[in-house]
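The values are calculated or read from the model by the stated rules, or taken from the named source; none is laboratory data. Every value quoted in this text rests on a predicted model; they were computed, and no experiment measured them. Quick reminder, even Gly has a Cβ in these numbers, built from the backbone with ideal geometry, and neighbours come from all protein chains shown. Quick note on the areas: whole protein, heavy atoms, side chains included, nothing else; ligands and nucleic acids left out. Shrake-Rupley method; radii C 1.70, N 1.55, O 1.52, S 1.80 Å.
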Amino acid sequence: MDKTTRKLRNQDINPCIDESNASQKCLDVHNYDKSMCSAYFQRYKDCRKYWHNIMLQRRRDGVRPDMPTATERQEMLAAIGGKPY
């Protein structure tokens, strides 16, 4: 795997790997008919938007790293009762 691919597949960097995998699997199942997978695409977009806002807030507050680690994200999601997207 090249450096970019490893970065995108890293759980600590990319919080939306599950949503990405689900949308890719949907495309595979439906022979790349994008109209059949719009719900998966929307879920991925909502995930990215949610974690992007968290990242921006952490930057404003001076918290490092900007993106919470995978374990921190799990704790955050558990505290609010699951995924808000």
Exercise. Take the residues in segment 21-44 that are closer than 19 Å to GLY82 by Cβ and in contact with a helix residue (DSSP H, G or I) (Cβ under 9 Å, 6 or more places away or on another chain), then tell me which one is most open to solvent (accessible area, probe 1.4 Å).
Key: ARG43
Self-check item: Total residues in segment 57-74, condition open to solvent by 100 Å² or more (accessible area, probe 1.4 Å) and closer than 22 Å to TYR44 by Cβ
Solution: 1
Quiz item: If you check TYR85 against the conditions, is it surrounded by 11 or more Cβ atoms within 10 Å (Cβ to Cβ) and in a helix (DSSP H, G or I)?
Solution: no
Quiz item: Can you name the residue in segment 2-19 that is open to solvent by less than 90 Å² (accessible area, probe 1.4 Å) and aliphatic (A, V, I, L, M) and is also farthest from ASP46 (Cα to Cα) among such residues?
Solution: ILE13
